[in-house]
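In what follows, a single structure is set out as structure tokens and then discussed.
The values are calculated or read from the model by the stated rules, or taken from the named source; none is laboratory data. Note that the coordinates shown come from a computational prediction; the quantities given were computed from them, not determined experimentally. Cβ atoms come from the backbone with ideal geometry, glycine included; neighbour counts cover every protein chain shown. The protein model used for the area step is the full one, side chains on, heavy atoms only, and it has no ligands, DNA or RNA in it. Shrake-Rupley method; radii C 1.70, N 1.55, O 1.52, S 1.80 Å.
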Amino acid sequence: MNEELIQAVFKKMSEYKPALQKYLITEEDDDDVLDFRILGDLVIKNFPWPIGVELRRLFSGSMRQLDRGRLDQLFKTIERTVQFISFVLVAQLWEERMKNNIELPEDFISQFESRFSVLTLGNYTWLIRSVCKVFAQNDTDHFIIEKKEIFNKKFFELLDFWVPERNEIGHYQINLTQEEIEKRCIEYEEKLKAILIAISFLARYKLVTVRQINVMKQKHKSAKFNHYFDLLNSSDSDFKATEVKIDLFVDSNAVLILKDFKSPSEFLNLSPLIIDTRTEIIDNKDKFSIKKDIFMYTKYQNDKIFYVGTEVTGKCDLSSLSSYPDLILQFNEMMSTILQTGVKELA
């Protein structure tokens, strides 16, 4: 069911990450049989966790029929993918605004506030298109450099395809015949394949949780900072832990996307938009409702941040997290920085 999608995405991904090319079968390897389970697992592992976990579900044995379950999972995979991309762009927008490197038109500011309070698929696509436009107007380099070339009109049209498929409250359309479901499963897999091929450059980057940073200092020597990272690129939630000693320190207790895992001097902090609750110690009954997972921001209402889990499917109140006051503070700082007025209108 997924073989064509997996092969096409993996082939493009291997262009950005040559180490993967050893798994490709060439014309001289006609006698070899391609194991799509291996390639599928590699595709999952080389996308950041929020995308990879949805692909893991899509590639599972229960999704091999052209039925409603597969159709809904195709929707969910693209939605989580678009959500992740939009968060990376917003995180960089926040950084650029803090450094006074970027100006925003008034119409962007007014729309951003209303759209970002309650996120939907349509708002994710608006964010991607609008932030990319702002970066282009300000001649701002993308943190993920491949975006500048690939995020173009053709890519935006791929995203726009999905918007009308949901109703005004964000639910998937439900009144479909079996024939319509089968046709859409095929059509939407093609759309998903095109989007994943376009963003396969993410194989170059690493999503990590900074679990801990220790300072190591000896007399007459400069300090070293020992970082303990969890690598959030995996086909299951048993993330690989890695220890890195460097001369500088990155943001602690945060989810970061890195350009160079071995020397993490260039990074974007994706918190409070993406958070990791797995380090939380459940030391009182108020925390019993907390689930250990990677969570994605969905809305901000009544001075409260709401998140959705990547593995946890039920509603989860995270307000008893030890870091929750800091998350609220970070979110308000991000919004006030992005929404600050007094900038001149861009042409």
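Figure legend. Inter-residue proximity from segment 236-264: first residues within 27 Å of Val90 (Cβ to Cβ), second residues open to solvent by 70 Å² or more (accessible area, probe 1.4 Å) and part of a loop (DSSP other than H, G, I, E, B), beta-carbon distance below 8 Å, spacing 6+ or different chains. Indicated pairs: Val244/Lys262; Leu258/Glu266; Lys259/Glu266; Asp260/Glu266. With respect to being in contact with a Phe, Trp or Tyr (Cβ under 9 Å, 6 or more places away or on another chain), open to solvent by less than 30 Å² (accessible area, probe 1.4 Å) and among the charged types (D, E, K, R), Lys147 fits the description. The condition (being surrounded by fewer than 17 Cβ atoms within 10 Å (Cβ to Cβ), assigned to a helix (DSSP H, G or I) and either touching a His at 6+ places or on another chain (Cβ under 8 Å) or modelled with pLDDT under 95 (or both)) is satisfied by just one residue among Phe156, Phe135: Phe156.
Among the residues of segment 245-258, those that are open to solvent by 10 Å² or more (accessible area, probe 1.4 Å) and either touching a Lys or Arg at 6+ places or on another chain (Cβ under 6 Å) or not in a loop (DSSP other than H, G, I, E, B) (or both) comprise Lys245, Ile246.
The helices (runs of 4 or more DSSP H) located wholly in segment 33-129 that include 3 or more residues which are open to solvent by 10 Å² or more (accessible area, probe 1.4 Å) and touching a helix residue (DSSP H, G or I) at 6+ places or on another chain (Cβ under 7 Å) occupy 36-46, 68-98, 106-117.
Given the structure, is Lys22 at pLDDT 95 or above, within 19 Å of Ala203 (Cβ to Cβ) and open to solvent by 40 Å² or more (accessible area, probe 1.4 Å)? No. Of the residues contained in segment 224-236, none is found to be in a loop (DSSP other than H, G, I, E, B), open to solvent by less than 30 Å² (accessible area, probe 1.4 Å) and of a type in the set (Phe, Trp, Tyr).
Whether any residue in segment 270-283 is farther than 21 Å from Val53 by Cα, touching an Asp or Glu at 6+ places or on another chain (Cβ under 6 Å) and touching a residue at least 12 places away in the same chain (Cβ under 8 Å) is what I want to check. Looking through segment 270-283, none of the residues is farther than 21 Å from Val53 by Cα, touching an Asp or Glu at 6+ places or on another chain (Cβ under 6 Å) and touching a residue at least 12 places away in the same chain (Cβ under 8 Å).
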